[in-house]
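Every read-out reported here was derived from the displayed coordinates using simple, explicitly stated rules and does not represent laboratory data. All figures in this text were calculated on a predicted structure; none of them were measured in a lab. Every residue, glycine among them, receives a Cβ derived from its backbone with ideal geometry; neighbour counts consider all protein chains shown.
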Amino acid sequence: MTSQDLLNDHCQELGPGHRLDDAAMAPYLALLEGWRFENGSIRKTFTFGNYYQTLAFVNALAWVVHREDHHPDLLVQYNRCSVAFNTHSAGGITRNDFVCAAKADAVYAQGAAR
């Protein structure tokens, strides 16, 4: 499994039986730089030069995750956006969260917000 595999994948409807424990999450977290498990979600903060760039990232990310039907919690500030994913229907973290985390990294890397 690679980060490219996650990027190419799409979210699936997942219930409680698909929740990942800490050991199952570790390989996914190792693939995605800067993501961490904290308070029941996987999280990362993206930084920008200004508010406009931050909002451009938020809008681009919203478009991508809406297509996946998997929506994060966002904390939007002047020059940064904290993104947190979890799968409410599963009561924890699933592969869907890592799929969308990879897509968030790709949005950032493409410079849609910079």
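Measure off 7 Å from each Cα along the Cα-to-Cβ vector at R67 and A23, then give the distance between these two points in nanometres to one decimal.
3.7 nm
What Kirkwood hydrodynamic radius do you get for the chain when you take the inverse of the mean 1/r over all pairs of distinct Cα atoms, in Å?
One over the average 1/r among Cα pairs gives 14.1 Å for the chain.
Using only helices, what value at 222 nm comes out for the chain when you add -39,500 (n - 2.57) per DSSP H run of length 4 or more and divide by the total residues, to the nearest 500 deg cm²/dmol?
Result for the chain, helices only: -13500 deg cm²/dmol.
Would you work out the charge dipole size for region 36-95 about its Cα centre, treating the Cβ of every Lys and Arg as +1 and the Cβ of every Asp and Glu as -1, and quote it to the nearest 20 debye?
Approximately 180 debye in magnitude.
Sequence gap at least 6, Cα distance under 8 Å: using those rules, report the relative contact order of the chain to the nearest whole percent.
38 percent
At 0.36 nm per residue, and after removing the present C-alpha to C-alpha distance, how many nm does the segment from T2 to L14 gain when stretched out fully?
Result: 2.2 nm gained on full extension.
Is there a quick way to get the dipole size of the chain? I mean about its Cα centre, with the Cβ of Lys and Arg at +1 and of Asp and Glu at -1; what is the value in debye to the nearest 20?
Dipole size: approximately 360 debye.
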